[in-house]
Amino acid sequence: MLGFVVRRVLLVIPTFIAIAFLTFIAIRLVPGDPIEVRTGERGISPERLAQFRHELGLDQPVWKQFLDYLWQLAHGNFGTSISTHAPVLTEFLTLFPATLELAISAMLFATILGIPAGVIAATRRGTFIDYTLMGAALTGFSMPIFWWGLLLVLFFSVNLGWTPVSGRIDLLYYFEPVTGFMLIDSWLSGEEGAFRSAVMHLILPAIVLGTIPLATIARMTRSAMLEILGEDYVRTARAKGLSPFRVVGFHALRNALIPVVTVIGLQVGALMAGAVLTEYIFSWPGIGTWLIESINRRDYPVLQGGILLVSGIVILINILVDLLYGVLNPRIRHAR
Amino acid sequence: MPLLEIDDLTVEFKTASGQFRAVDGVSLTVDRGEILAIVGESGSGKSVAMLAVMGLLPWTATVSAKTLAFDGRDLLTLSPRERRKVIGKDMAMIFQEPMSSLNPCFTVGYQIGESLKVHLGLSKSERRKRSIELLEAVGIPDPERRLSAFPHQLSGGMSQRVMIAIALACRPKLIIADEPTTALDVTIQAQILELLVSLQRETDTGLVLITHDMGVVAETAERVSVHYAGQKIEEQPVGPLFADPHHPYTAALLAALPERAKGKHLPSIPGVVPGQFDRPPACLFEPRCRFATDRCRTKVPPRQGAIAGFALCHYPLTHGRPIGHPNPEGREVAA
């Protein structure tokens, strides 16, 4: 077990180098550099330009810049933002809880609705209910996040006025962050209405971000259940005289969860990509907004470091999912 | 009153191309403490008939019968909930594929204990005690340790022993074993059969043994019911059946046993079991029968009496010769 974890963690190193390389190259392929973005139309004397370039190390050959960057990373230094001069890691850690809160809520939404929907569709295979659920899942899966987000905002926030349009909480409330999770902090603050406000702000972004995972989980659960329901051991469970609920919800679902958990793990990467868009739509002050702004500012260290850190999180979650897989599947547990 | 009484059981499946009749008017009885073997090729409806008794058929199946009674209760009118109280408790089934019949996600102990919990409401420690007893009874060494084993850690023979333990858990009155040894090695086959029969004797349960293996039948059964294309075509006690089969199909089946083959070539029955679209209009065995006449092609055969093994045939055999047949030698069929 420990050996497995160590092997997995060691395998992360080449992945990291590859990601660092790709982001490093990609952002430099985009026209413009941090200095041009900052000076804009204003013109700048060649001396100042050379000085800036030197300060940021941009006067070095690109391969040298990359090796220097790797060297920096090897020392655990993710660099300093060009625009705020704050360490990238510090900024990341400040903003990450907001993204995590959103991602966890979205995933809970997707899982809590997706698994029952898949189970119901599988047990009612070929009926109206099945077609309705799977049609809805396909629609959800095909919905562009941008459009879906705007649609929900238009309907629930603008027309009905039920939910706020953007942000994490009303401006009325202010309290010092304790955990960085708005739901917990607002609860802890004890301010009347703060928690409710935080929940209302979270609902739409969580639904928007959770829609694609919800559709994927529902479809995956359905197909896994359909396969499992035909297995001999499901017949054995029925031959024991167990209730249909116990046969389906326990004997079959327990087995169907194995592929579903894998899919949930794979969704985490997509979830991070979706978070970038969702946060942007809802002005959610998380990693996504931060990364998009860093692109606009050509803030190389923030973009490179930010993507690397997000990748690290995704990889970490995937390792955790692999471990969970072992817990769910006795055959794998013993093989290790 | 017999333990299990089936009269005129018919099972039809809805398929994309219409109704398919898998079981066609089968009548059977099983007494307490009796071993009945149901014999037939694949597709003869023998498993489907017993799955219908257990209520385990998919929703595409339509079950109808004049009588379907178990232990004095009419299974046809029981509500699903009531019926679930019977199956797994008083009537248990063992399946063909032991390796895939156990749930891979749960331990052996859990899977045995589950019936004990659901049907008998035993406490955790009582379940553990009874599970160990059961594993001992089915000949699993070191039962206490085995309780925490997962199915993938067991061999096929071990898995089938566990399945038998599950079936026996609530001391059922009837056990239906659907080809319990087909998936197992020959040496293990004999052990499992012996185990089943000895447990059946000890507990005086009825046992329905579904098989296509005449060797298994000869060794274990008391009474044999031969099925073909969804119909019961003969029924006799095991000794007389082997000595004097009355239906031409039974006779052909016995002649095809390697142990009985006389010539250089193993005799076989030409053709295959009719499917959904090529069901003969009258006698279902007629296209493959060496004694078939025009009458067999046009008139549905009658059910003979006990003396002719309840054979479903116009010309039941007596000592290999068809009674009342225009040409008792029959035609030679190419093997």
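Test of understanding: among B:Gly40, B:Gly45, B:Gly33, B:Gly88, which residue is surrounded by fewer than 17 Cβ atoms within 10 Å (Cβ to Cβ) and either touching a Ser or Thr at 6+ places or on another chain (Cβ under 6 Å) or in contact (Cβ under 8 Å) with a residue 60 or more places away in the chain (or both)?
B:Gly33
Name the single residue, out of those in segment A:272-317 being over 15 Å from A:Thr23 (Cα atoms), among the polar types (S, T, N, Q) and assigned to a helix (DSSP H, G or I), that is modelled with the highest pLDDT.
Here the residue is A:Thr278.
So which residues in segment B:205-246 are among the charged types (D, E, K, R) and within 21 Å of B:Gly305 (Cβ to Cβ)?
Listed by number, the residues that qualify are B:Glu222, B:Arg223, B:Lys232, B:Glu234, B:Glu235, B:Asp244.
Going by the structure shown, is B:Ala52 within 14 Å of chain A (Cβ to nearest Cβ), closer than 24 Å to B:Ala229 by Cβ, in contact with a strand residue (DSSP E or B) (Cβ under 6 Å, 6 or more places away or on another chain) and outside any loop (DSSP other than H, G, I, E, B)? Explain how you work it out, then say what you get.
Numbers: within 14 Å of chain A (Cβ to nearest Cβ): yes; closer than 24 Å to B:Ala229 by Cβ: yes; in contact with a strand residue (DSSP E or B) (Cβ under 6 Å, 6 or more places away or on another chain): yes; outside any loop (DSSP other than H, G, I, E, B): yes.
Criteria met by B:Ala52.
Please determine whether any residue of segment B:201-221 is polar (S, T, N, Q), in a loop (DSSP other than H, G, I, E, B) and within 16 Å of the chain's Cα centre (by Cα).
Within segment B:201-221, one or more residues are polar (S, T, N, Q), in a loop (DSSP other than H, G, I, E, B) and within 16 Å of the chain's Cα centre (by Cα).
Just wondering, is there one or more residues in segment B:266-285 that are farther than 19 Å from B:Glu41 by Cβ and under 24 Å from the mean Cα position of the chain (by Cα)?
Our first condition is that a residue be farther than 19 Å from B:Glu41 by Cβ; within segment B:266-285, this holds for B:281-282.
Next, from what is left, pick out any that are under 24 Å from the mean Cα position of the chain (by Cα): none.
No; the residues of segment B:266-285 include none that is farther than 19 Å from B:Glu41 by Cβ and under 24 Å from the mean Cα position of the chain (by Cα).
If I go through segment B:174-193 residue by residue, how many of them are more than 12 Å from the chain's Cα centre (by Cα) and at pLDDT 90 or above?
Within segment B:174-193, residues that are more than 12 Å from the chain's Cα centre (by Cα) and at pLDDT 90 or above number 1.
With a cut-off of at least 2 residues that are more than 13 Å from every other protein chain (Cβ to nearest Cβ), over 23 Å from the mean Cα position of the chain (by Cα) and of a type outside the set (Ser, Thr, Tyr), name the helices (runs of 4 or more DSSP H) lying wholly within segment B:59-173. Please lay out each step first, then the result.
Numbers: elements: B:80-86, B:98-101, B:108-115, B:124-137, B:143-146, B:156-168.
Because the criterion is at least 2 residues that are more than 13 Å from every other protein chain (Cβ to nearest Cβ), over 23 Å from the mean Cα position of the chain (by Cα) and of a type outside the set (Ser, Thr, Tyr), the helices (runs of 4 or more DSSP H) in segment B:59-173 that meet it are B:124-137, B:143-146.
Quick one: which helices (runs of 4 or more DSSP H) lie wholly within segment A:161-251 and hold at least 1 residues that are within 14 Å of another protein chain (Cβ to nearest Cβ)?
Counting at least 1 such residues, we get A:194-229, A:232-239.
Which residues, counting only those in segment B:135-151, are touching a residue at least 12 places away in the same chain (Cβ under 8 Å) and either touching a strand residue (DSSP E or B) at 6+ places or on another chain (Cβ under 6 Å) or not hydrophobic (A, V, I, L, M, F, W, C) (or both)?
Matches in segment B:135-151: B:Gly139, B:Pro143, B:Glu144, B:Arg146, B:Ser148, B:Pro151.
Would you mind stating whether A:Glu227 is more than 19 Å from the chain's Cα centre (by Cα) and of a type in the set (Asp, Glu)?
Yes: the conditions hold for A:Glu227.
So which of A:Ile332, A:Ile295 is free of Cβ contacts under 8 Å to residues at least 12 places away in the same chain, over 18 Å from the mean Cα position of the chain (by Cα) and either surrounded by fewer than 18 Cβ atoms within 10 Å (Cβ to Cβ) or more than 10 Å from chain B (Cβ to nearest Cβ) (or both)?
One residue alone meets the criteria, A:Ile332.
Quick check: anything in segment B:313-335 under 16 Å from B:Ser44 (Cα atoms) and either assigned to a helix (DSSP H, G or I) or not assigned by TED's automatic domain parsing to the domain that holds B:Ile192 (or both)? Please lay out each step first, then the result.
Residues of segment B:313-335 under 16 Å from B:Ser44 (Cα atoms): none.
The answer is no; no qualifying residue exists.
Does B:Ile132 fit the bill of being within 26 Å of B:Arg201 (Cβ to Cβ), without any contact (Cβ under 8 Å) to a residue 40 or more places away in the chain and not polar (S, T, N, Q)?
Numbers: within 26 Å of B:Arg201 (Cβ to Cβ): yes; without any contact (Cβ under 8 Å) to a residue 40 or more places away in the chain: yes; not polar (S, T, N, Q): yes.
Taking the combined requirement at face value, the residue satisfies it.
Answer with yes or no whether A:Phe155 is closer than 30 Å to A:Glu191 by Cβ and either free of Cβ contacts under 8 Å to residues at least 24 places away in the same chain or in contact with a Cys (Cβ under 9 Å, 6 or more places away or on another chain) (or both).
yes
The values are calculated or read from the model by the stated rules, or taken from the named source; none is laboratory data. In this text the structure is predicted, and so the values were computed from the model without any measurement. A quick note on method: Cβ atoms are made from the backbone with ideal geometry, for glycine too, and the neighbour counts reach across all protein chains shown.
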